[in-house]
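Working notes, structure below.
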Amino acid sequence: MPDLGLLLQIFLSFVKIDVLCFGGAYAAVPVVQQQVVEVQGWMTTSEFMDLLAIDELTPGPIVVNCATFVGNKLAGVPGGIVATMGCVLPTVLIALALVRLYLRYRDAEVMNDALSGIKSVVAALLLAAAFTFVTSVLVVDGQPDLVAIAIAAVAFALIRTRRFDTIAIIVGSGVVTLFLYTLVL
């Protein structure tokens, strides 16, 4: 049985992440990274980026999956369950309360003003997360990874044209990268 103190710490860390994050999964990624890597020291940045890559291949909400993976790494199945509950429970309770408020005050100007400000911060969080992720993936040991840059550019172009399924692009890029790194480079 995992240490109850550790389970409580995992639960409270993900409650904190869940309560402090606005704007959806990708806006939460930098907050999760800060808590898991910098504050708690449970993972390195490289391990966290690997987790995000696996997370993208896993069905379900990215932050919930991330919580489950981190909790499981730290304390096995009980850790995964506790982290997931910490990540989900506050959202459910807050969402129930906010939907009632929104339905009551949705036409109020103050509601629209508040949402406008929140959306601006979410955009900044997304840019910060993207910058961290892009630089950690496309630059290795201070040098640009030309293969990763080329694959990212092709994937970006395919995604922007909306002609290919995102999952097909992820799987295809994994196959191409595996081929290039194992057989060619």
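The values are calculated or read from the model by the stated rules, or taken from the named source; none is laboratory data. These figures come from a predicted structure and were not determined experimentally. Glycine gets a Cβ as well: all are built from the backbone with ideal geometry, and neighbour counts include every protein chain shown.
Points worth noting:
- Selected residue (criterion: farthest from LEU115 (Cα to Cα)) from residues of region 1-38 that are assigned to a helix (DSSP H, G or I) and among the acidic types (Asp, Glu): GLU38
- A residue that is in contact with a strand residue (DSSP E or B) (Cβ under 8 Å, 6 or more places away or on another chain) and at pLDDT 85 or above occurs somewhere in region 122-140.
- Selection within region 41-85: residues that are part of a helix (DSSP H, G or I) and among the polar types (S, T, N, Q). The member of this set that is surrounded by the most Cβ atoms within 10 Å (Cβ to Cβ) is THR68.
- Within region 162-178, being loosely packed, with under 13 Cβ neighbours inside 10 Å and not small (Gly, Ala, Ser) holds for ARG162, ARG163, ASP165, THR166, ILE167, VAL171, VAL175, LEU178.
- Condition check for VAL99: of a type in the set (A, V, I, L, M, F, W, C), under 27 Å from GLN33 (Cα atoms) and either modelled with pLDDT of 85 or more or surrounded by 12 or more Cβ atoms within 10 Å (Cβ to Cβ) (or both): no
- Residue within region 119-139 that is loosely packed, with under 12 Cβ neighbours inside 10 Å, more than 21 Å from ILE62 (Cα to Cα) and of a type outside the set (Ser, Thr, Tyr) present: no
Results for (1) hydrophobic (A, V, I, L, M, F, W, C); (2) under 24 Å from VAL134 (Cα atoms), shown as yes or no for each residue.
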{"site": "PRO2", "(1), (2)": "no, no"}
{"site": "ILE17", "(1), (2)": "yes, yes"}
{"site": "ALA28", "(1), (2)": "yes, yes"}
{"site": "VAL31", "(1), (2)": "yes, yes"}
{"site": "GLN34", "(1), (2)": "no, yes"}
{"site": "TRP42", "(1), (2)": "yes, yes"}
{"site": "ASN65", "(1), (2)": "no, yes"}
{"site": "VAL70", "(1), (2)": "yes, yes"}
{"site": "GLY76", "(1), (2)": "no, no"}
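- Taking the numbered list (1) charged (D, E, K, R); (2) surrounded by 10 or more Cβ atoms within 10 Å (Cβ to Cβ); (3) part of a loop (DSSP other than H, G, I, E, B) in turn, ARG104 passes all entries but (3).
- Test: ALA157 is part of a helix (DSSP H, G or I), over 21 Å from the mean Cα position of the chain (by Cα) and among the small types (Gly, Ala, Ser): yes
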